Structure formats: structure tokens, C-alpha cells
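Each remark here refers to the structure printed beneath this line.
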């Protein structure tokens, strides 16, 4: 039964899903074996349900902000497995492992089930009514400047409601914070192309030169880019695409590159200008700006051999169009904006703008367009908290106590806020500091709309619809919560909306024509929308307008060696764990890191040469100390990293969140120095310098690799053939 | 308990090679994996956990080598990278290889199970019958790829494997295995059975693309291709044919050719003659850079 | 050195042997208790393993087999002692086996019983062990006759039942003696029942001889085939280090080796405890020692054959496993095996040690240690360093559960053997009488021809 139920029957009236129709529903976690529940056959099943055959619903994945559309298999009222929704241009029926783990988020045993009110060190269960009443009480007499709302990226109708709620106080303090936001790249793109996130056509490029953009792993929209990558490899005109990755530490994308180039951390911009110089095609301002970046100088400063620079320039010239990407490795410095600007300049010089860098369509509803998270917002919030500005703080979809750089001392500053409300799925580190914690529905049981930041083709709005009834009876959707809070502030405006579902439906129907529902009656339009799971729109496309400018392009010389802290810390973003919000999903903890195959733990990647210098072998527990603090974890020798850098993955080292996260690994966020990009104020994640010391302890590293050290040894197991000897165009 | 049953089945029993006189009909499930497309993201592995009720064993048991990933992503570095006197940096990253039960036609595991818990099905799968398995583990000892996984503990009753609500995620079409039982990739046989039933009730065979394994379905780069090797319209058939890889040869004709060919398809450990049903396409290394 | 004096009276033989069946001294009970305690350890380990899962044995997905299989083969190997002595040497008319074959056969039977336990504890689902038997079931299922493990099951079952029959049948005349000499009590009842009304008539003796000979002839190929089948558990697989054609004879040689070494150990113990010096003479000891030496050299040769064939093969994986055995994680145990199996027996070549009891006792124990290590070194290194590099695991060691079971198995064997020694005559009285009779005939013949058959060279 693998068709995604293109049975047009009316199976989407969630209101019709009364408990009686769905035996073995999500509520009540009982088991038949325990004798606490009996199996009741469907004498009167809902008319689309055949016991034993799955029903499929489309919704949206909320495990990251790429906004893939998913198709959930539901059996007997429980969602079992998620697949991709073929109708979405973003993921086209595919998913990533992180998305698959969405069910583990939904069924997670550590999810919050009841509203909790702080009483000393403990949280006492209270009712929702009391909670809302308490919030209203705490907000009485508080002015808009004294309220702060911290959230992760939000879009769609949730953003609208949130904005309205804050507007009802005259509060302008909405801090949108994402720990791993590509903030610097956005700003650089805006300058260079006129759009923060243009469309990258990897599948149309013949060469992709990526400066640390891990687009296959965890950058922006990995599932979409992976599909484009697959087409890229099959080749435009039968010629297989070439991927060159430049970064100080190998990412997943780097592992798949035809050539991985280790570069001295921070010097990506210098290399970019060096390539422009080597191309020899630049004129005017640009040529003048890159004149000083000859091969010898660039090679000395970046560590990339001159022959390599030549090869890169040669292939970029030969195969066109190409695509140059700036990623986390490039932007993570105080001069990150400069790096990104230099890299974007390459696209202009190579003539890629308009071909592989195109304008993205935008959803014609600016109020729904995503409020993008960034790290500069965190700094502002932190400053405000430190000054004791906020009497009431709301927190949604952010865990800054875990993800804020240790140097900001966020936890201490947070305690200076008056009344703290957290809307959370788990008792994570931030929720533990709150005074009132309100439990949220998971994405699989919630309503909503979402507009992804990165638009694949044409514009689209993703629909979230519940794939089953509430697993826990007392959790609420964020939309419902905001609606209830809005009803406190503006009862007249919102009294007609019974709940968030009603609001969404009304809002969408109001714009039926613009959403493509012309000529259909309300019910049909609504049902079709829910069936598809996405709304595709023509959208508005603003042409790219940026200039290939060199104004203000000033790359600093590479940093001098710091005697006390000789190594650069690269906090790496793992494909599954990312910023740590999913660390409590056991499939992800048990899923080996693709590059090291380490599970359930953190590690320090050290180049074997540097390790030999320091006398470190695999498994040695080393102490990594920065100016801010120190953490201890196991060493892993890895040739894919610059010898002057070490790398520790983000996402582990939780002290709360749940049983599968707590106590595993260490948290590099803790030891990050507070350095910010000079232009945008974004956190410069790669600027922390550290020293490494052995502690004398040694453990055996828990990984999937064996004693063979990931070598093939004798027989060919994984084959490799030269591109000269293969003709991919003849393949099926 | 009939002797005639024994004799009849014996005559259909696995031959030394897969022979032409008893070909699979109408299905022979096979797979091909493009290593040039595979990016090592592990999505297939996680999807397999979701679809097949695989237990998460936790850090300690993983350290003891008791992981249960039916589909595992291996990676291989070039021999001299990072070694003494070798290259300092790899030119290319580690090469990723998704490895799961190769559903061998002459499976070394099938012959050695004392109770006959693992056999070959008519549609070309290596079957594992959980309730017949007594746990002698000879099958895994004999597997050249070591792709079988034993239930060393009783995971359904072990803490934190499937706590409270997580039991509701379990796929009811797949047995949840208790201790002492061997398990391995089944090419999502539950999906295959469902598809075959649907097709049969409509009086036809399963079309190409109608059924997908969990790993194939989720793979963001579409590296995995799965289907009926006998059906000439299926993608898998076309790929095997184009790569000139034949199921019942231990040395392919194309490998004997002078100067080789420009074909990428190969099977792993083919010379050990298990006749695996999975073909891999070699990763391509760009010569221009 | 004579194998036995020719002037021992029948009555004395009976008396000496029946004395061993007396109520045991205190030491016996102490040792028995220790043996039971050892069994208790094994039972505890098995209960833990049964209820928690095979994982407590510390095996894992590369090392799926461990000490259970190794010790299983060890005990099967040890069981070949009895067959060698009883059956093979019987066919060769080697009289010197007569005083010692009884306890050797008992050893065979009990070794097999111990080995059988390991088959059970090795299985992940012991409670379904009967699936390996062709029992009537509604699904029409037969076990898989292609599997060497199943051949094991059938072969060992056959071998065990045959050995029990052989042991029992060979004991009938002795049981009759016991019956006739015992006073009333449970023993008398037992022997009366078991001796099946043996009167010692001509007809009975003729039937007895024929039966005994038939079973002996049956048992010899069975013994060879059993250990060859056990060897084919490995030889029929494709693992490097296992897939070696010389394994069946190698295992049989190892089994005979193991068995002979155990005979020496038990010989020394029984001789001392029951004061069987007249019967378990130095002459016989010397012979068994020299036989052991010969077999050790055969074993060493077959080992060398294995190494050589690996070396000149094109099978790189097997070569690597061999090298890994010598220099890898298990190297100390492998070298220990080589030392115990090939170097230690060289002491047996020296006349001065061939009758030195303390040396022989120590040597025989070391030989068996070497043989046990050999079995372990066949099982473990190939999993540590097999064909597929991703699955290597150089760091796997058995847990206390496995060691506990191995430990307990020795207790189990000791328990069975000790009970046997006190219930049944551990020296075959009628055969010893035959041996004495033959020697008397020999001496008479030599006296008649004028050559004095005194102790020394040429003695029978």
C-alpha cells in the first residue's frame, strides 16, 4: 500500500477523529500485554480506515528549518513512519535521517506533558487556565520595553500571531535566535546579489567550489541540495560535475568532494581573491583589488600550494557555469563578512550570477515570510538581560542556556529577568531556568503553516497538520497558546476563532484566490490543500541586483600564532545533532557520525601530525581550554583537518533535555569566546583559540569503525574509478 | 513430517550455483547502489531503524560491538593517508559504502543454519525466520560481509530501548525480536509482501517503482535502486544489464577483457562466490583536479 | 619393565579393584563438594545468561562464537581417549590397554556429556534446542541436513549413545563380579540389575566377545568421523583460518592427543588414590606416554601442514589471520598453545621422564592446556581479523560468564567421574585377568624354550 492515498476521500477532518473511532489511539500509553487495554475491533471504523492498512497524510517536517514536506504512515491512529512528500519541490519525496527521527521526537518519553510552575527547585503541575491567568497577571503594568520574546526562526501564521501578540503590548523586543544561522552569508548575499538567500542551482553547475558550505550535511536545505548534487554528478551535457571543497575541517560535503583542500582557518577570503587573480579575467576595480594576491603570497598565507590554485582557476575557466558557495567555515570569523564578500565576488567574476545564482521566488505574503534567526539577536538579548531590562521573558524554540557561547554568561544574565515563561517540548537547559513551562505539541500533532527560508523553485507554503491525535492530552500547539494569549489582550478580534485550526482555516480561506483556490468552494480548497500538504504559488521574484563591488573589501592578514592558545577550535555541525535540540532522539545518537563513526559521545578531531607532536593517541582524554573555559573529551586522529585546528562537534554535552542526551559528551558552546563579526554582529564561531592538554586518562572510542582503521586492506570493497575511464552519459 | 516433503524440497533446494534450470520467476529482487551519488548521510540507516523496529542498544552495548544497524555506512580512506610517510591530507574524503545483507544467491549463511531458519525464497531473498532461529550464530560466523546482527539481549524488555510511548512507533508489519534471535536486512520484505498481495489481487505482477525499500525511499540522492531483476522494464535490470554484471557469474566477462571497460558496476567479494544480489557502482574520481 | 606381573591371583585382582568401591574417605567428599561447587558456578552463570541474554558472555557481532564452542570441541576431543584405548588398541591386540581402558571409556562418556552441555549453553534460545531434532511437527519441517552443526548433533548423539553402550557392555562381566562379591544393599541391587544375569558361560562369553568387537569396529570410524565432523564446523565455512582441508585429520589428531594426555593425568591420580600400582604399572604408563609423544608429533606436523598450506596459498586473508595469531591480541595464548603443544611433549622423549610421576602429571596438564588453547585460538582470531575489515574486533575477551562455564564444566566432569569411580570398577577385572593369563602363557612358553622372560627388554 505504498500510494500516498490519492484517494480523494475526505479523510482530513481532524475534528471527525473522535476518540471512539480510533481504538488504540495515542492517548494513554497502555499495553495489551499489561492487560490494561483491550483490542477493540473496528465495528464502526471511520470510513477511511481499514484495520491493518495504513493511511497516509502529508505534513511538514520541523526537525530543522529547511521545510521539507513529509508523508506520514498512520496505522490505527498512530503515526509510525515518515516519508518524503513527492509533491514538494524542496525534498521531492526524500528525507534525511534527522527528519526520520521526527517520530522519536513525537513519542519521546522525556516530553513535557503538563504545565509546570516553579516552586523552589521543583516544578509543580498546574492547569492551563491557571497558567494563562498567571501570565496575564505578570504582564499587568509591564510596559512593552520590559517584555522580551526569544524565539527561533518563525514563519507563516505563527509569525503573524506572534507579531500581533507583541504588538498588543507595543513590544518590539522579538529576538529571533538560531545558534547556527548563516547570518553573515545572508548579509553578504544581500550586498552581492540583492537577496539574502538566492537560489543556488547546483544541478546546473559544472563546477561547485564550496568554501566550507556543508550543503549535503547541515547547511540551509540539505535534502534539496543533495538531490541537486545527485543531478550535478550525473552531469550537465553528460559531463560529471566537479566539487571542490575548501575548508579547515572536512565536513560531509568535503568528504564527497573531488578535491578537498585544507586551508588555514580564516584565510578563505584570501584564497578567493587569489583565485580571482589566477583567473586573470577580472577588470577594473576588481583587478586592482586582487593585484596584490598573487599565487606566492596567497599560497604562503593560506597553505594551499600554488599548483592547486592554478588547477582550480583552470577548471573554473574551462567548465562554466560554476557555482561558488560561502559557508560556515568562511563566515565564522570577525572578518567573516569580508570573507563572504570575497567569495561572492568570485561568482560575479565567473559570470555565475543569473545562471547558477538566481533570484528566488518569494511568497506574496510578507507577514508570513520567515523571521530569520541569527546570533546577533542573542547578543542584544544578553545585553538587555545583563542590564536587568526585562521583567517578563518568553522563550520558544530556542535553548540559549545550552547554545550561547560561554563567554556571554547567558545563564547568569537570564536569572536577572523577572518572570520567565518557556514554551517547550522538553525540560531543556533553558526551560529548567524558567518560572513557568508550558508543554507543546510535537510537529506531528500540530497545525500550522511554514514558509521555508530557502525556496527551491517557485514559492511554496508548507502545511502542518496533525498525523494523529494528541499523544499527551495536556499539551497544546504553539498556535493555540498564542491565540489564547491574544484573546487575553484583544478578545474582540479573536473571539470568533475557537482554536488555531479555525484561525488557520479562516485565514487561508480569506486569501483563497491568492493561494490558488480560484473557482473552488471553500471545503474543496481546504481539503485539497491539506491533502497536498503544500501550497505552490507563483510567488514574486525580484531580480538579483547586487553589484560585484570591492568597496570596503579589506581582508586582514592571517592571525599571528598565539603562544598560549596555539590551536583554533572549529565547532563542527553534525548532520543529525546540529545545535543539540535533537540529541534526545536515540536514533540520532546511535547514528554514527559519517566522518568518524563515533556514537553517543563527543570527540576532539586532531590531525595525526599534530597529535604525534603532542603525544596524543586515539582515546586519550584531552582537556581543551580556551580563554572562556575548558572541556574534556576523547581524542580522535583525523587526517581531514588542518594541523593548526581541532574540531569538536556541537550538540552533545547536555545537562538536561532527556535521558538520551544528558551526560553524553561535552558542549563546545560553553568554551566559545564572545567574538563577533565586525559588520553584522553575528557570532564568529571559529574565532576561539584553545590549547590541548592530555589528562592521562584513556578510553576506548566507541565507534562503528573497526581496528582496521577504515582501510580496505586487501580486496576491493569500495571501488573507485577515474573520470577518464568512465562514460556516465551512457548509464541508466 | 513427510519424507516426500523432504525429498521434494531437497530437489528444489539451493544449488551449488544459482542455475538456469530453476530461475526465479516472476520476481528476483535485486539492488544497485551508486557510490558516486552516495554522500554518506546515514538517512538510509535511520529509515531502516524506523521501518524495521531496530533497537537502539545504547553506548555501552555499542562499545561492545552489539549494534543493530542492518544498513551500515562504511567509509574507507586511502591507504597512505595520515600514516607515517604517507600523504598529510586526503585529496578526497573517505569513500562511503552502504552495506547490508547482500541477499546472496548462494548464501554461505543458508547452508550452515542447523535448524533451517535461513533459506532462499522463490523471489530471490535470503529469508530469516525468527521463530525458527535457535541462536547458534553459525550464519553470522559464515557471512563474509558480517551483515547479520544477533539479539544479544532482550531489547523489548530492556530499559530505554522502547520506553513508554515509543512502543507506539513500532511497525506492526514487522516482528519485534526478542533475545537469542539473528536478524538482518530483508529488503523490507513486509513491503514486498504487501505489494505482491495488492498486485496479485489485481491479476498482475508488481510494477517497477511500485514498491520501495525504506532505504531507497528516503535516500536524498537517489543512490539506491531496487526492483525486480527479471523485469526488463525495471531500472535495476537495465542497470545490471548496462554494467554487464550477471547474477550467476563469479567472474564477469567484462573483467576478463583486455584493458578493462569503462563500466563501474561490480559486486563485493564476488570471487568468494556467494552471488550477491547487490551491485555497486564505483565512485568516480575526477582526473582534472 | 613388565606391563604386569604374571603371578597375581584372580582373587587378589578382584579384591584390589573392589576395594576401590568402598565407602570413600573424607578427602573424596571434600573434592566432590568442590566439584559440585564448580558446577554451581556454571549453573549460576547459565541462569544469568539464560535470563538476560547471550550478551553477558561478552560476545559480539564479529565474535559470535567464543569459549563455548572452543570448550565444546575440547571436551569432544578429550572423549577420543576412550575410543582410542578401548576400540583401536583392542583391534590391535595391545594388551597393555587392559587395565586402563575402563576409566578411559568412562572419560569418553563423561566428556561427551560435558560437551553436550556446551552445545546447549551456546545457543541463544536454548529452550528451542529440540528444533535441531527431526521431531514430528505440523509444518513438515526437517532440520537442515546441509549444516555441519546438525551433523555435529547427529554424530555426537550417536557417538554418545554408542559409547555408553560400549562402556556398559564391556562392564557386564565386572558387574557380575561385583554382584557376586557385594553384601546386601543398594549396590547389590544395582549390580544385579545391571549385570543382566551374567553367569560367565561359554555361550555368553562368545556372544560377549562378538558384541564387543562389533561395537569396537563400529566405534572407531564413528570416533574419527565425529571429530572430523566437528572439524567441518570450521572447515566447511569460508572464514580465513577455518577453511582448511587438513582440519578433520588435524582435529582428530588433536583429539587423540588431548585424550591421551588426559589418560595420563587420570592414570596417575587413580593409581595413587586406589593404589592400583599392580595394574596401572610403570610399563603401561611408559607405553601411553610414548603413544602421547607420537601423537604430539603428528599434531605438530599437521600444524606445520596448516601453516605451510596457508603460506603457499594465494589467500591473503588466511595469511593475515595466521600472522595475527602470532603477533596480534591473542598472541600470548597462541604462543602458549605452541609451547604446550609442541615443546612441552618433547620431555616425553626422554626415558628419564617417561616414568617420572610428578613430571608426567604436570606435563599432561600442560598438554591439555595447550589443546584447550588451540581450540580457542581457532575460534577467536578469525573473528578478530577476518575477511571484511570493517568487522574486525581486536579487543574482544570472554566475560566471567564464559569463564565460569568453562570452569564449571571441569567440575561437572570431575563430579561424574568421581561418582563413577565409586560405583563402578574403574579397572576392568576380567580383562586384567586375561592380561595376567596371557603373560603367564608367555612366560611358560619362554621357559619351555629356554629363554627366561625376565623383566627388561623384550618383555611383553
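For the reader, a short list of remarks on this structure follows.
- Choice from B:111, B:261, B:186 with maximal GNM fluctuation in chain B (Cα, 10 Å cutoff): B:261
- The fewest-to-most ranking of A:555, C:194 by surrounding Cβ atoms within 10 Å reads C:194, A:555.
- Percent of Cα-Cα distances greater than 17 Å, calculated over the stretch B:229-281: 33
- Antiparallel content of DSSP bridges confined to the protein assembly as shown, in %, to 5: 55
- Summary value for chain B: 26 percent relative contact order, contacts being C-alpha pairs under 8 angstrom separated by 6+ residues.
- Compactness of chain A - radius of gyration and Dmax, Cα, Å: 26.1, 81
- Percentage relative contact order, chain A, counting C-alpha pairs under 8 Å, at least six apart: 17
- For chain C, the longest principal axis of the Cα atoms and the long axis of helix C:316-327 meet at an angle of about 70 degrees.
- Look at where the Cα atoms of the stretch A:621-636 and of the stretch B:151-187 average out, and the two centres are 37 Å apart.
- Distance between modelled label sites at residue B:79 and residue B:256, nm, 7 Å Cα→Cβ extension: 2.8
- The stretch C:10-448: relative contact order as a whole-number percent, Cα under 8 Å and 6+ apart: 32
- Rounded FRET efficiency, nearest 0.05, which uses the C-beta distance separating residue A:300 from residue A:722 and R0 of 22 Å: 0.10
- Counting every other Cβ atom within 10 Å of each residue's Cβ, C:186, A:587 order from fewest to most as C:186, A:587.
- On Cα atoms only, tilt of A:478-489 relative to the major axis of chain A in degrees: 60
- Gyration tensor (alpha-carbon) shape descriptor, the stretch A:387-475, a/c threshold 1.5: oblate
- Three-way shape call for the stretch A:94-185 based on the alpha-carbon gyration tensor, with the a/c threshold at 1.5: oblate
- A prolate overall shape is assigned to chain C, the ratio a/c of its alpha-carbon gyration tensor axes (a ≥ b ≥ c) being 1.5 or greater and a/b exceeding b/c.
- Long-range tail of P(r) for the stretch A:567-698 (Cα pairs > 21 Å, %): 39
- Separation between Cα centres of the stretch A:248-300 and the stretch B:51-74, rounded to whole Å: 42
- Each part gets one Cα centre, and for the stretch C:249-320 versus the stretch C:31-81 those centres are 24 Å apart.
- Cβ-based exposure ranking for C:429, A:250, C:297, in which fewest neighbours within 10 Å come first: C:297, C:429, A:250
- Radius of gyration and Dmax over the Cα atoms of the protein assembly as shown, both given in Å: 38.3, 137
- All distinct Cα pairs of the stretch C:245-343 go into the 1/r average, and the inverse of that average, the Kirkwood radius, is 15.5 Å.
- Label point 7 Å beyond Cα of residue C:301 along Cβ direction - residues of the stretch C:335-364 with amide nitrogen under 14 Å: none
- Where labels lie 7 Å past Cα in the beta-carbon direction, separation of residue A:694 and residue C:189 in nm: 7.4
- Placing one equal scatterer on every Cα of chain B and applying the Debye formula, the log10 ratio I(q)/I(0) at q = 0.06, 0.07, 0.10, 0.16 Å⁻¹ is -0.21, -0.29, -0.59, -1.46.
- Stokes-Einstein translational diffusion, the stretch B:148-289 - Kirkwood Rh over all Cα pairs, 1.306 mPa s, 10 °C, in µm²/s: 86
- Between residue C:214 and residue C:353, the FRET efficiency estimated from the beta carbon spacing at R0 = 45 angstrom works out to 0.70.
- Computed from the Cβ-Cβ distance with R0 of 41 Å, the FRET efficiency linking residue A:168 to residue A:627 stands at 0.45.
- Only DSSP H runs of four or more residues enter the estimate; each adds -39500 (n - 2.57), and after division by the residues of chain A the mean residue ellipticity at 222 nm equals -7500 deg cm²/dmol.
- Reference-scaled alpha-carbon Rg (2.2 N^0.38 Å with N residues) for the stretch A:183-359: 0.92
- Share, in percent, of DSSP beta bridges within the stretch A:567-698 that are antiparallel, nearest 5: 60
- Between helix C:400-423 and chain C: long-axis angle, C-alpha atoms, 0 to 90°, nearest 10: 10
Only the coordinates and a few stated rules stand behind these numbers; no lab work does. In this text the structure is predicted, and so the values were computed from the model without any measurement. Cβ atoms come from the backbone with ideal geometry, glycine included; neighbour counts cover every protein chain shown.
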